[in-house]
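First up is the structure itself, then whatever we jot down about it.
The values are calculated or read from the model by the stated rules, or taken from the named source; none is laboratory data. All figures in this text were calculated on a predicted structure; none of them were measured in a lab. All Cβ positions, even for glycine, are placed from backbone atoms using ideal geometry, and neighbour counts span all protein chains on display. Only protein heavy atoms, including side chains, enter the accessible area calculation; ligands, DNA and RNA are left aside. Shrake-Rupley method; radii C 1.70, N 1.55, O 1.52, S 1.80 Å.
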Amino acid sequence: MINTRILQSEYTFWLKYIIVALICSIDIFFTIYYQQQIYWVEENAIGKMLIWHDKTSGISDVSMFVSVKSFCNFMALAIWKRVYISNKKMGIVVGIS
């Protein structure tokens with residue numbers, strides 16, 4: 001059984017926080033790297049709307065998509081941090097889920 005003191009440790013919180021931020025950064029990197037194909041494989045309707053695609057030249061631009069994605073990632077991390085600061089147990093539950 002996992003020790004609850006380890007799960008509620010501030011170091012554990014920051015480790016999970018950094019892991020989530022790292023995954024978000026990698027996701028943004030691959031979005032930019034594969035921007036020519038992302039329009040065709042993106043299944044989210046809002047995401048597809050944010051990706052500008054010129055049908056005549058076949059060029060996609062993901063700048064708006066990446067901007068919104070980054071903002072949402074930062075907001076999610078900020079909300080998670082605020083929940084953790086106000087209630088550590090609830091912050092752990094939010095982090096694990």
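For the stretch 78-89, filtering for residues that are buried (at least 16 other Cβ atoms within 10 Å of the Cβ) and hydroxyl-bearing (Ser, Thr, Tyr) leaves 1.
The set of residues in the stretch 53-77 that are open to solvent by 50 Å² or more (accessible area, probe 1.4 Å) and in a helix (DSSP H, G or I) comprises SER63, MET64, SER67, VAL68, PHE71, CYS72, PHE74, MET75, ALA76. Among the conditions (1) assigned to a helix (DSSP H, G or I); (2) exposed (fewer than 15 other Cβ atoms within 10 Å of the Cβ), CYS24 misses just one, which is (2). When the test is whether a residue is at pLDDT below 90, open to solvent by 60 Å² or more (accessible area, probe 1.4 Å), out of contact with any strand residue (DSSP E or B) (no Cβ under 6 Å at 6 or more places or on another chain) and closer than 30 Å to TYR34 by Cβ, SER97 passes it.
Please work out if LYS89 is more than 19 Å from LEU15 (Cα to Cα) and either modelled with pLDDT of 90 or more or in a helix (DSSP H, G or I) (or both). When the stated conditions are applied, LYS89 does not pass them. Testing PHE30 on (1) open to solvent by less than 40 Å² (accessible area, probe 1.4 Å); (2) at pLDDT 90 or above, one condition comes back false. Which one is that? Just one mismatch for PHE30, condition (1).
Filtered by the rule that a residue be touching a strand residue (DSSP E or B) at 6+ places or on another chain (Cβ under 9 Å), free of Cβ contacts under 8 Å to residues at least 24 places away in the same chain and under 12 Å from THR31 (Cβ atoms), the stretch 49-90 gives ILE51, SER63, MET64.
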